[in-house]
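Here the structure is laid out as structure tokens; the discussion comes afterwards.
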Amino acid sequence: MHHRLRSLSPLLVALGLFAQASVSHALITIEIDRGTSKGIPIAIVPFSDTRAEAVFLDESFADIVHNDLVRTGRFLPLDRDKFLSVPHSHEQVNFADWLLLKVDYLLIGTIEEIDDSLRVRFQLLDVLENQQVVGRQYTIAPEQLRTTAHSVAGSVYETVTGERASFNSRIAYCTSENVDGAKYYSLTVADYDGHSPKQILRDVRPILSPSWSPDSAHIAYSVLEKDGAKIYVQEVATGVRRVVREFEGHARSPAWSPDGDRLAFSLSINGNSDIYVMSLDGGELVQITRNLHIDTEPTWSPDGRRLAFTSGRSGRPQIYVADASGKPSPSRLTFEGQYNVGASFSPDGTHLLLISNQGAGNQATLYDIDRNIFLTISSTNIDESAIFSPNGDLVMYILEGARRQLFILSPDGSVRSEVPVASGQIREVAWETRKL
Amino acid sequence: MRYDIFKLLVISLFAIFLASCAKSGSDVSESTSDDSGAMTAGAGSASEVDGEEAGSSSQLSQSEMDEITRMQELLETRSVYFAYDDSAVTDEAKEVLSAHAQRIQTLPNTMVVLEGHADERGTREYNLALGDRRAESVKRLLAVLGVDVSRISTLSLGEEAPAELGHDEESYRLNRRVDILYDQ
């Protein structure tokens, strides 16, 4: 197979972006399967707020913390209407009130205006031990209140579980919509919970497979242009983008390596797709698969040494793994199920998250690589594309069907909540990989 | 078989020529009976054509008329369909593609674009690869049937451009397709 490869000089496209999109956050429905829930009971008391005007109309500070924690499946916040008292500092707490409600932890705090800044204080208390576990104080600009709520939730998560949370992370998602009879595709960056969406690209051609650079400064994606699919790399802050390389054939499915130096992708020539790895500095091109079957959707292991990918070489699509150097030949990972696609590694490298059909439809599924065990985590069966958060505390997936939806799912499958999206119907999502 | 198709092509082109004569107001009887709507010149009856107006005479039998109708139906079919997760050309598709192969060869300046598609289930990238394979399957068959491959280009749109917007088996079936697009 012969193909010409030429580097293109960077195409500077000032897209004049950051169109603010509007999204309704009025009601966030969180579905908890209490039968399987192993959440730690916690009471999150609304913070006292002495500001002249509230910043949010849709979510209070305590709501943001509540939603962050409950979505992980690790915490089960108590309903506020059960509270017997509303303390804001340790001295105000009557622990008997909380022991009665059988909560393990109590989160309380205050928000005050100090000149043009805000001072936010929180305390996490262990109800049984009757003492503070962690307490912090932040002095922030008013615009940072939301981020601070995510940080408070992150502190609670880390203190109790010993693991990091991803509450201040961002996602990039693709949507499509019909405007005046024409179809448009958009690429939007938002907080992981859907807040503050910013459109960074709009096109009449389909935009696919966004992939964040490890430092989150760039996103790679492919566009199905009329003369062939092309992979672009775009700077998130400025909108400046370039085609990474010209190929004879369709370049799709880009995946940024953990070290930031390479892109794995699929190249389709004469109807046959194979996986390649290219250096972003324009140098090397390594061919990873060589066969006349579908090979696509490469995804990097966290150590950057291996690539898992989807291959049709055994008849139905299954997941294979290959060394990123291209040698030796790929080996098959999945042997169960009639359809296994869309894999990605968990941040600790022990599992794959993929879409698997084991007879009950397409479901977001965890696959334990060493033990060769599949665990279906989704309760729906028209799932399309599932991804992990940077710290592995959350999963996000897309539900196909008449009304496409973006969901956050706890990794144990017990909690599901919808993420509102701007600019049309959700088609695809990518989580940044930076562990903040 | 190939010779028969060629003969049918000639007959159908001739019939179209006759139809255009009918439209210009000659004595050739226009069909008002409607059982084979595709034909516009004297169908549905033991068609007698006014030899002088047409420039020559031809008597078409019922079976030949049926074959012409069938040929036109095949040419009007611009999509061929596939089984789930499959890119093999079906027998039905082969019939349609044979008709198109013949037609393409009679239109020397025409380029053909084969657009591959998939139903929405599963991931977008896998469906793009599947659409690629379907388009390529059709291209290979057309090549075997004598079409010059330099006249054919392929493109995959995966699940991005469904023909049917429903989410049931019938909609899925109609979306697993290759569209044959003539580009003048």
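The values are calculated or read from the model by the stated rules, or taken from the named source; none is laboratory data. Keep in mind that what you see is a predicted model, and the values were worked out from it rather than measured. FYI the Cβ positions are ideal-geometry reconstructions off the backbone, even for glycines, and counts take in every protein chain you see. What goes into the accessible areas is simple: the full protein's heavy atoms, side chains included, and nothing from ligands, DNA or RNA. Shrake-Rupley method; radii C 1.70, N 1.55, O 1.52, S 1.80 Å.
Here are a few things to note about the model shown:
- A:Ser423 out of contact with any His (no Cβ under 6 Å at 6 or more places or on another chain), open to solvent by less than 30 Å² (accessible area, probe 1.4 Å), away from every other protein chain (no Cβ under 14 Å) and not in a loop (DSSP other than H, G, I, E, B): no
- Residue count for the range A:117-148 under the criterion of being outside any strand (DSSP E or B), over 14 Å from A:Phe47 (Cβ atoms) and under 29 Å from the mean Cα position of the chain (by Cα): the result is 5.
- The range A:94-105: number of residues that are open to solvent by 10 Å² or more (accessible area, probe 1.4 Å) and in contact (Cβ under 8 Å) with a residue 12 or more places away in the chain: 8
- Residue count for the range A:149-176, restricted to those that are of a type outside the set (Gly, Ala, Ser) and either exposed (fewer than 14 other Cβ atoms within 10 Å of the Cβ) or without any contact (Cβ under 8 Å) to a residue 40 or more places away in the chain (or both): 3
- The range A:249-264 - residue that is within 14 Å of chain B (Cβ to nearest Cβ) and more than 14 Å from A:Leu307 (Cα to Cα) and, of those, surrounded by the fewest Cβ atoms within 10 Å (Cβ to Cβ): A:Gly249
- Filter pass, A:Ala237 being open to solvent by less than 10 Å² (accessible area, probe 1.4 Å) and in contact (Cβ under 8 Å) with a residue 12 or more places away in the chain: no
- Qualifying residue in the range A:361-372 (condition: without any contact (Cβ under 8 Å) to a residue 40 or more places away in the chain, within 13 Å of chain B (Cβ to nearest Cβ) and either over 23 Å from A:Asp33 (Cα atoms) or in a loop (DSSP other than H, G, I, E, B) (or both)): yes
- Any hit, the range A:319-337, residues being touching a residue at least 60 places away in the same chain (Cβ under 8 Å), of a type in the set (A, V, I, L, M) and closer than 25 Å to A:Arg262 by Cα: yes
- Boolean, A:Gly162 is within 13 Å of chain B (Cβ to nearest Cβ) and either under 23 Å from A:Leu280 (Cα atoms) or not charged (D, E, K, R) (or both): no
- Cβ pairs under 8 Å, 6+ apart, first in the range A:373-396 and surrounded by 18 or more Cβ atoms within 10 Å (Cβ to Cβ) and modelled with pLDDT under 95, second hydroxyl-bearing (Ser, Thr, Tyr) and assigned to a strand (DSSP E or B): A:Glu384/A:Tyr397; A:Ser385/A:Tyr397
- Scan the range A:285-330 for residues that are among the hydrophobic types (A, V, I, L, M, F, W, C), within 14 Å of another protein chain (Cβ to nearest Cβ), surrounded by 15 or more Cβ atoms within 10 Å (Cβ to Cβ) and over 23 Å from the mean Cα position of the chain (by Cα) and the total you get is 1.
- Considering only residues in the range B:89-125 that are assigned to a loop (DSSP other than H, G, I, E, B) and of a type in the set (S, T, N, Q), the one that is farthest from the other protein chains (Cβ to nearest Cβ) turns out to be B:Asn109.
- Taken over the range A:106-116, the residue count meeting the criterion of being part of a strand (DSSP E or B) and open to solvent by 40 Å² or more (accessible area, probe 1.4 Å) is 3.
- Looking only at residues of the range A:217-232 that are open to solvent by 10 Å² or more (accessible area, probe 1.4 Å) and within 19 Å of the chain's Cα centre (by Cα), we find that the one that is farthest from the other protein chains (Cβ to nearest Cβ) is A:Ala217.
- Of residues in the range B:149-171 being in a helix (DSSP H, G or I) and within 11 Å of chain A (Cβ to nearest Cβ), the one least open to solvent (accessible area, probe 1.4 Å): B:Ser171
- Taken over the range A:194-211, the criterion of being farther than 21 Å from B:Pro162 by Cα and open to solvent by 10 Å² or more (accessible area, probe 1.4 Å) is satisfied by A:His195, A:Ser196, A:Lys198, A:Gln199, A:Pro210, A:Ser211.
- Every residue from the range A:376-413 that is more than 14 Å from chain B (Cβ to nearest Cβ), of a type in the set (Gly, Ala, Ser) and under 20 Å from A:Asp191 (Cβ atoms): A:Ser389, A:Gly392, A:Ser410
- Condition met for B:Ala143 (more than 13 Å from chain A (Cβ to nearest Cβ) and either β-branched (Val, Ile, Thr) or more than 26 Å from A:Pro206 (Cα to Cα) (or both)): no
- Number of residues in the range B:71-93 that are surrounded by fewer than 15 Cβ atoms within 10 Å (Cβ to Cβ) and in contact with a Leu (Cβ under 9 Å, 6 or more places away or on another chain) equals 2.
- Per the conditions (1) free of Cβ contacts under 8 Å to residues at least 60 places away in the same chain; (2) in contact with an Asp or Glu (Cβ under 7 Å, 6 or more places away or on another chain); (3) not hydroxyl-bearing (Ser, Thr, Tyr), the sole criterion not satisfied by A:Val419 is (1).
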